[in-house]
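Input: a single structure, listed below in structure tokens.
The values are calculated or read from the model by the stated rules, or taken from the named source; none is laboratory data. Every value quoted in this text rests on a predicted model; they were computed, and no experiment measured them. FYI the Cβ positions are ideal-geometry reconstructions off the backbone, even for glycines, and counts take in every protein chain you see.
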Amino acid sequence: MRTSSGVATLVVLVLLVVGVWPAKGDLSPSQCEQEKRLLVNACRAVVFGQKPSPNCCERVRVTHAECVCPSVTPKLAALINVQRTISQIQGCGRTVPRNFKCGSITTPP
């Protein structure tokens, strides 16, 4: 992570996708990169304490976890308030599975 915007990008990914149930599908690496880019662009304001917008929530609902979870390193996981993340995801109408593993984060039982 070279810049603060790089950190913000990864934090947004984790904040909003930890609770996304893994969708089944064969996506290419370029499709995954596009999904991550769309999610980051739609949800950037969440990093700055704002609630997810309707557009952000839509991206949360359609983004494939297998595209995002590999980015969740132990270092990044240490920056995340999991309870806040769960609240935000639930605010987007998603149910957060118990004991869901996404990279280095596992949601509470």
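Mind listing just one residue for me: the one in the stretch 83-109 that is touching a Pro at 6+ places or on another chain (Cβ under 8 Å) and part of a helix (DSSP H, G or I) and, of those, surrounded by the fewest Cβ atoms within 10 Å (Cβ to Cβ)? So the residue we want is Q83.
Looking only at residues in the stretch 61-82 that are charged (D, E, K, R) and surrounded by fewer than 16 Cβ atoms within 10 Å (Cβ to Cβ), the one that is nearest to S30 (Cα to Cα) is R61.
Selection within the stretch 33-59: residues that are modelled with pLDDT of 90 or more and of a type in the set (A, V, I, L, M, F, W, C). The member of this set that is surrounded by the fewest Cβ atoms within 10 Å (Cβ to Cβ) is L38.
Against the definition (assigned to a helix (DSSP H, G or I) and modelled with pLDDT under 80), how does I80 come out, yes or no? Against the criterion (assigned to a helix (DSSP H, G or I) and modelled with pLDDT under 80), I80 does not qualify. None of G93, G19 is modelled with pLDDT under 85 and in contact with a strand residue (DSSP E or B) (Cβ under 9 Å, 6 or more places away or on another chain) except G19.
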